[in-house]
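Written out below as C-alpha cells is the structure these notes cover.
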Amino acid sequence: MITLDSLEINQKVKVKSLVQNGLTSKLVDMGIYPGKDIHVAFRAPFGGPIAVDLDGYTLSLRREEASLVEVEL
C-alpha cells in the first residue's frame, strides 16, 4: 500500500482509496476522493505538512491526513 505521505515532490498519482476514520469526510470535502489525480508540490521537513495540487489549487495536508490517502502511481 502506497500512501500520500510517503511520496516525493513532483510525483503525480491517482487516489485509490481512503482509510475510513473521522477525517475521511474532511478529505472528501477538500476534494480528495478515489479517482482524483494529485500532484505532490511540496513536503515540509521534520514531519511537517505536505502540499498537493488538485483542480487548480494547492492544498496543505498534515502528515496524519496524508497517511489516510492510498494512491497508485
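The values are calculated or read from the model by the stated rules, or taken from the named source; none is laboratory data. Computed from a predicted structure; not experimentally measured. Ideal geometry is used to build each Cβ from the backbone, glycine not excepted, and the neighbour counts take in all protein chains shown.
The table below gives the values:
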quantity: Residue in segment 9-29 that is nearest to LEU73 (Cα to Cα), counting only those that are of a type in the set (A, V, I, L, M) and surrounded by 15 or more Cβ atoms within 10 Å (Cβ to Cβ); calculated: VAL13
quantity: Matching residues, segment 14-27, being over 11 Å from the mean Cα position of the chain (by Cα) and of a type in the set (A, V, I, L, M, F, W, C); calculated: VAL19, LEU23
quantity: Those residues of segment 37-62 which are charged (D, E, K, R), surrounded by fewer than 16 Cβ atoms within 10 Å (Cβ to Cβ) and modelled with pLDDT of 95 or more, in sequence order; calculated: ASP37, ASP53, ARG62
quantity: Residue count for segment 39-73, restricted to those that are touching a helix residue (DSSP H, G or I) at 6+ places or on another chain (Cβ under 9 Å) and at positive phi; calculated: 1
quantity: Close pairs from segment 47-73: first touching a residue at least 40 places away in the same chain (Cβ under 8 Å), partner loosely packed, with under 12 Cβ neighbours inside 10 Å, Cβ under 6 Å, at least 6 apart; calculated: ARG63/GLY47; GLU70/MET1
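Let's see how each residue does on (1) free of Cβ contacts under 8 Å to residues at least 60 places away in the same chain; (2) charged (D, E, K, R); (3) within 14 Å of SER60 (Cβ to Cβ):
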position: ASP5; (1), (2), (3): no, yes, yes
position: LYS12; (1), (2), (3): yes, yes, no
position: GLY22; (1), (2), (3): yes, no, no
position: LYS36; (1), (2), (3): yes, yes, no
position: PHE42; (1), (2), (3): yes, no, yes
